[in-house]
Amino acid sequence: MAFGKDTSHHTTRDVPVGSGTSLKGQLLIASPHMEDPRFRHSVIMICQHDSEAAMGVVINRRSQQIDLKQLCQTLEIGTPRFCGNQPIHIGGPVENGRGFVLHTQDHMRPESVAVTPEIGLTSSIKILRDITDGTGPTQSIISLGYAGWSAGQLEAEMAENAWLNIPAKSELVFHSDIDNLWNKAFATLGVNPGHYVDRPGNA
């Protein structure tokens, strides 16, 4: 279990993809008809999307086995002075031992990368020390693992209406009631999940 040294290779690229536009900085909302159980009712912050790949972090799924205090013990970085009971999120099925922190930009480290004008992403273990010392960002989501797509895969899933997307806003990303975040995201779209039709061209 480890945090990376930096996040720049995951998040600096946001060029248009083919005839479409990069989804970096968008929230993906799983269709009510999502068949993959790993992503059912998930909301994903897209941190990188270009012609080669896409990467995002699920923001509405918490681990029931570990909190920040236990993570710090595992990483041998000492007992937290603050935020020890902060939950750890399950960011996705890829590299579930790798850590990522989505956070407000009131605290950006040199290795942090802006995902939106409001939200940053950091994978350095140093930001965990900042959070537990009480000097870190006001709001954060600490995740293990991520969701990844190969070239063209996310575009194909979007074409099949497997996902909807909206711009990521801090008040939604860091929404405290994550159990209702999927419904809240649909409400932001003005779409009733019960009336959603997943055929291309219909919503």
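A few notes on this one:
- Coil-residue GluC sites (Glu not before Pro) of the range 58-145, DSSP, other Cβ within 10 Å capped at 11: GLU76
- Cα-based shape type of the range 88-187, given that a ≥ b ≥ c are square roots of the gyration tensor eigenvalues and the cut on a/c is 1.5: prolate
- GNM top mover of ASN96, ASN60, ASN165 - the chain, alpha-carbon springs below 10 Å: ASN96
- Shown in residue order for the range 42-59 are the 3J(HN,Hα) couplings computed by the Karplus curve 6.51 cos²θ - 1.76 cosθ + 1.60 at θ = phi - 60°: 8, 10, 10, 7, 7, 9, 8, 7, 8, 6, 9, 5, 9, 9, x, 10, 5, 10 Hz (x for Gly and Pro).
- Above-threshold pairs, the threshold being 23 Å between Cα atoms, out of LYS24/LYS69; LYS69/LYS169; LYS24/LYS169: LYS24/LYS69; LYS69/LYS169
- Those aspartates and glutamates that a straight Cα-Cα span of less than 18 Å connects to LYS184, excepting residues fewer than 8 apart in one chain: GLU171
- For the range 137-201: rounded, prolate or oblate by the Cα gyration tensor [a/c cutoff 1.5]: oblate
Since every read-out is calculated from the coordinates, none of them should be taken as a lab result. None of these values were measured; they are calculated from a predicted model. Note: ideal-geometry Cβ built from the backbone for every residue, glycine included; neighbour counts use all protein chains shown.
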